[in-house]
Amino acid sequence: MPVLEVSDLHAGYGRSDVLHGLSFSVEDGGITTVLGANGAGKTTLLRALCGLLPVRGSIVLAGTQIAGRPTEAIVRLGVAHVPDGRGTFLNLSTEENLRVGAITRRDRAEVARDFERIYAYFPRLKERRHQQAGTLSGGEQQMLAISRALMLRPRLLLLDEPSFGLAPLVVQDIFRIMRTINAEQKVSMLLVEQNASLALDLANTAYLLETGRVVMSGPAQELRRADNVRQAYLGY
Amino acid sequence: MRGMEADRARWILIAVVVVAACALPFVVSSYRVFQFNLVLVYSIVLIGLNLLTGFNGQISLGHGAFYAIGAYVAAILMHHAGVPYWATVPAAGLTCFVAGCLFGLPALRLHGHYLALATFALGVAMPQILKYQGLEHWTGGVQGIVISKPKPPLGLPLTQDQWLYLFTLAIALLMFWIAWNLLRGRIGRAMVAIRDHPIAAEAMGINVAAVKTLTFGVSALYAGVGGALGAVVVQFVAPDSFVALLSISFLIGIVIGGLASISGAIYGALFIQFVPNIADQISRAAPWAVYGLFLLAFVFLMPTGVAGFLRLAWARLTARRAAAGGPIREPR
Amino acid sequence: MEAFLHQVLAGLANGAVYASLALALVMIYQSTHHINFAQGEMAMFSTYLAWAMINAGVPYWLAFVSTVLASFVIGVVIERAVIRRVANAPVLTVVVVFIALLVIFNSVAGWIFSYTIKVFPSPFPSQPLFGPYISTHEAGVVGISVLVLTLLYLFFRFTPLGLAMRATAENPVSARLAGIRVGWMLALGWGLAAAIGAVAGMMIASIVYLDPNMLSGVLLYAIAAALLGGIDNPFGAVVGGLAIGVLENLMGAYVVGTELKLTVALAVIIGVLIFRPTGLFGRAFVTRV
């Protein structure tokens, strides 16, 4: 059963739509990826899902219609967004950033345990927990952004290009940990990526987005073998 | 052909307004003529402030100071040197141009709120400087200077108020025309470019420092011309006529009239001349509270000022006419 | 020497009030990037509420606490009713809204309470403390201000709500994505700023007298203090406020007399700003191309 079901989604900026009637779903506990070139509408899609943009259409999260609800309400229903540019609170410390992530939660003991879990996944963050987040490296800030989102205990994690601007080794590291988190924490993930190869390795299901429309979908391994995906996005 | 037609409509509109402005002093009471005379004076100041703040993006909360300098230059020249009133106007303008450039130079280092504070300090300081004892021989201290109202020349059959109004109107039209030409040209584009993107403007080869300083000077010149005319109209200058509230009124004038709009100066001037009176009539006890409510109402109902509101209304009207097959105005 | 020391300490008492008001300005600036020109008049209005209560026989500290709470509510209501509507308006439009609030508060206060000056009581005795340098009253003003600043620091540093407000001020979108109700945080910021302003108003009113225009000059000093310290830096605002209080008093006593002290103090501040355009503790401007 899907955790997220989107049908006929339209969204955009001002009067011009970027998404023209998108339909797709995210399997519960799985990793779904949406691939597409620059300007295909990937970032717009994630922003629309968490209510940062006005939308038309239907977005159902675990049986609840969330289209048109304010962002705060959607987040409180368990949708965490790791935005492009990472959205780090640069003047707060690493630990305070994580505390902001958990700010809607009341289960203090569980929050404390989640801190330990996060620090186990990303020991670097533990080392730097009292450091101002603005002084962290790009990779560390990406780890922090993912961790901050996880502190919400989300059902669904939206990830906007986590590989962007990072060194290949760091990216591999982060993607490996994301796989572990998905397996251990049972968090469903919707991953948007330009790096198609990485994304298809990680994901179970994939959608291909072109100018605001889904043009192809299927299991990640199938898309990897498709000729047009190979030529346009994998480069061989 | 539609563009030409729209242009013609514009010129007709301007001609109608000018004719109406010329006819005004002959149909209303002399007190009203005096009030509208001040509207013209304020509109000159407001174009100047709009050049600086609206078009060039440098905020000034102290234009009352330049207005005061202009007024005092006129009063001192008339009172101590017997200079005729019409000759004091260019003198006041030039003095303020120099003062504006001098103030504009250090202002180059200040941005946004910092510039607002610096200019506001200028506005606050001006009455205190005018009261300063060392200058009392010239400024008349707290008492100020009384000047006499000019007579119409050549034995024209006009009252003093009517003549002065027409004189001010002529200068106001000249100042509007100059501003319009300035903004159409290279300097105008440079001013706007600096407001919108100073770094890109610099990269395009615009001498940002020079343009900003000159804009400050020109803006002060407008305030000075207004100040000189204002002094002649009111026949009196004194430090307490130029308190910080005057500077704030000018800022209110350009925001209510419409930022970066030439015609906005007229609406803004009407607002700062008449709304306080209206507020006073509505509530004797708390007139400024009513004035504040007027301000909020204007800002909420016309967020882009009266000029912006009228432009929008005009565009809707012509769009409807175009849909009905009528003539359309080119988008500007 | 004794007189000099007294001037410095009296300056600190005024400076503590400027610092509090400057802090209120910084708080609103951090989350909205606007300087609330009406902050002083709001504080003045709050002080009148306190005066009315005390005049009606309410004990001082009860009136004090009630005024702070009432001011908090007024601040929240203004944000929700007025400021929210111009959230996306150009900066000068917002300035005009602030000016409108300023004249409304000023006029309504004069209307309800009349423009005649009133004596505002001090909770502290006026006899000297530790010798002739500072009165107990002035020391009390400094003490209250320090207490307010400390409470604020603890609130922002150690409570979840304080953290949520800091997060909102720094990055509203990210805060929203963490589930923070950003709109309420802004309203809360206005409420807190109004409450701090009320304390500052009650303190200064017992040094000078109470009248509807008493805080116009003080607000100017507070703005100058905030800018001098670096407009986004609470610590800088406090240092700036104290520095200006002392500077103002010394200028008035030894250099130019009380008539010109406002002008000269402002000139000095602007001089400093020309050499350090982002204030003493402000972050440098970084312009993205």
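We did not get these values from a lab; they are worked out from the coordinates using the rules stated. Quick caveat: nothing in here was measured; it's all calculated off a predicted structure. Neighbour counts run over all protein chains shown; Cβ positions are idealised from the backbone, glycine included.
For chain C, what's the relative contact order in percent, using C-alpha pairs closer than 8 Å and at least 6 residues apart?
Numbers: 430 pairs, mean separation 105.4, N = 289.
Relative contact order comes out at 36 percent.
Roughly how big is the protein assembly as shown's charge dipole about its Cα centre, with Cβ charges of +1 (Lys, Arg) and -1 (Asp, Glu), in debye to the nearest 20?
Here the size comes out at about 1380 debye.
For the stretch A:108-135 and the stretch B:1-62, compute the distance between their C-alpha centroids and round to whole Å.
64
Per residue of A:93-103, count partner chain C-beta atoms within 10 Å of its C-beta, then hand back the mean as an integer. Present the calculation step by step, with values, prior to reporting the outcome.
Values: counts 0, 0, 0, 4, 4, 0, 5, 14, 5, 3, 9.
The shielding value for this peptide is 4.
So for the stretch B:268-315, averaging the separation of alpha carbon pairs under 8 Å that are six or more residues apart and normalising by length, what relative contact order in percent results? Working shown, then result.
Numbers: 21 pairs, mean separation 9.4, N = 48.
In percent, rounded to a whole number, it is 20.
Determine which lysines satisfy two conditions relative to B:Lys131: a Cα distance under 28 Å, and not lying fewer than 8 residues away in the same chain.
B:Lys149, C:Lys261
Are there chymotrypsin sites (Phe, Trp or Tyr not before Pro) in the stretch C:39-131 that DSSP puts in a loop and that have at most 14 other Cβ atoms within 10 Å, and which ones?
Values: sites: C:Phe45, C:Tyr48, C:Trp51, C:Tyr60, C:Trp61, C:Phe64, C:Phe72, C:Phe98, C:Phe105, C:Trp111, C:Phe113, C:Tyr115, C:Phe130; in loops: C:Tyr115, C:Phe130.
Here the chymotrypsin sites (Phe, Trp or Tyr not before Pro) that fit, given the DSSP loop and packing criteria, are C:Tyr115, C:Phe130.
May I ask for the angle, rounded to the nearest 10°, between helix A:108-121 and the longest principal axis of chain A, with both axes built from Cα atoms and the value confined to 0 to 90°?
70
Residue by residue through B:53-64, how many Cβ atoms from other chains fall within 10 Å of the Cβ on average? All intermediate terms of the calculation are to be shown ahead of the outcome.
Working: counts 1, 1, 0, 0, 0, 0, 3, 0, 3, 0, 0, 0.
Taking all residues of B:53-64 together, the mean is 1.
Based on other C-beta atoms within 10 Å, arrange B:Ser219, A:Ser23, B:Ser60 from fewest to most. Each step should come with its number before you reach the end.
On the way: B:Ser219 28, A:Ser23 15, B:Ser60 31.
The most exposed by this proxy come first: A:Ser23, B:Ser219, B:Ser60.
How do A:63-74, B:104-115 rank on mean C-beta neighbours within 10 Å, highest first?
Details: A:63-74: 16.5, B:104-115: 18.3.
Ranked by mean Cβ neighbours within 10 Å, highest first: B:104-115, A:63-74.
Determine which aspartates and glutamates satisfy two conditions relative to C:Lys118: a Cα distance under 12 Å, and not lying fewer than 8 residues away in the same chain.
C:Asp211
Before anything else, pin down the relative contact order of chain B: Cα pairs under 8 Å, at least 6 apart, normalised by residue count, whole percent.
Details: 510 pairs, mean separation 105.2, N = 332.
RCO, chain B: 32 percent.
By what distance, in whole Å, do the Cα atoms of chain C stretch along each of the three principal axes, largest value first?
For chain C, the Cα extents along the three principal axes come out at 56, 49, 36 Å.
Per-residue mean of other chain beta-carbon atoms within 10 angstrom of the beta-carbon, peptide A:143-150? Walk me through the numbers on the way to the answer.
Numbers: counts 0, 0, 1, 0, 0, 3, 2, 0.
That works out to 1 on average.
Treat every Asp and Glu Cβ in chain A as -1 and every Lys and Arg Cβ as +1, leave all other atoms uncharged, and give the resulting dipole magnitude about the Cα centre to the nearest 20 debye.
Details: 27 positive and 24 negative charges, 98 e Å.
Approximately 460 debye in magnitude.
Collect residues whose amide H, placed 1.01 Å from N in the peptide plane, falls under 5 Å from the amide H of A:Ala62; neighbours closer than 5 in sequence don't count.
A:Leu4, A:Glu5
Using +1 at the Cβ of each Lys and Arg and -1 at the Cβ of each Asp and Glu in the protein assembly as shown, identify which of B:Thr168, A:Leu190, C:Met27 lies farthest towards the dipole's positive end.
Result: A:Leu190.
Taking only complete DSSP H runs, can you tell me which helices of chain B stretch 24 Å or more along their own long axis by Cα positions and average at least 1.6 on the Kyte-Doolittle scale?
On the way: long enough: B:2-23 (31 Å, 1.05); B:30-49 (29 Å, 1.53); B:63-81 (26 Å, 1.03); B:85-107 (33 Å, 1.37); B:112-131 (30 Å, 1.04); B:160-184 (36 Å, 1.01); B:208-234 (38 Å, 1.67); B:264-282 (26 Å, 1.02); B:305-323 (27 Å, 0.46).
Within chain B the helices that satisfy the rule are B:208-234.
Provide the packing ranking of A:49-59, A:160-170, A:197-207, i.e. peptides ordered by the mean count of other C-beta atoms within 10 Å per residue, highest first. Mind dumping the intermediate values first?
Values: A:49-59: 19.1, A:160-170: 16.5, A:197-207: 20.7.
My ranking of the peptides, most packed first, is A:197-207, A:49-59, A:160-170.
Kirkwood Rh over Cα pairs of the stretch A:111-179 into Stokes-Einstein at 25 °C, 0.890 mPa s: D in µm²/s? Intermediate results must be reported in sequence, preceding the final value.
Details: Rh = 12.5 Å.
It diffuses with D of about 196 µm²/s by this estimate.
With charges set only on the Cβ (+1 for Lys and Arg, -1 for Asp and Glu), what does the dipole of chain B come to about its Cα centre, in debye to the nearest 20?
On the way: 20 positive and 9 negative charges, 180 e Å.
In total the dipole reaches around 860 debye.
Farthest toward the dipole's positive end in the stretch B:102-248, which of B:Phe242, B:Thr119, B:His197, given Cβ charges of +1 (Lys, Arg) and -1 (Asp, Glu) about the Cα centre?
In the stretch B:102-248, that residue is B:His197.
Output wanted: per-residue J couplings in Hz (rounded whole) for the stretch A:160-175, from phi through Karplus 6.51 cos²θ - 1.76 cosθ + 1.60, θ = phi - 60°, x for Gly and Pro.
Working through the residues one at a time gives 9, 6, x, 8, 4, x, 10, 5, x, 5, 4, 4, 4, 4, 5, 5 Hz.
Give me the distance between the Cα centres of the stretch C:174-214 and the stretch A:29-97, rounded to whole Å.
Result: 33 Å between the Cα centres.
Could you give me the radius of gyration and the Dmax of the protein assembly as shown, taking only the C-alpha atoms into account and expressing both in angstrom?
Final numbers for Rg and Dmax: 31.4, 100 Å.
Given C:Val246, C:Ala164, C:Leu154, which one lies farthest toward the positive end of the charge dipole of the stretch C:103-256, if we put +1 on the Cβ of every Lys and Arg and -1 on the Cβ of every Asp and Glu?
It is C:Ala164.
Along the three principal axes, how long is chain B when you take its alpha carbons, biggest first, rounded to the nearest angstrom?
Answer, in whole Å and largest first: 68, 54, 46 Å.
Going out from 0 in 10 Å bins, what whole percent of all Cα-Cα distances in the stretch B:1-151 drops into each bin?
9, 28, 30, 22, 9, 2, 0
Using just the helices of the protein assembly as shown, give the 222 nm mean residue ellipticity in deg cm²/dmol: DSSP H runs with n ≥ 4 each add -39,500 (n - 2.57), and the total is spread over all residues, rounded to 500.
On the way: 34 runs with 540 residues, N = 857.
It comes out at -21000 deg cm²/dmol, rounded to the nearest 500.
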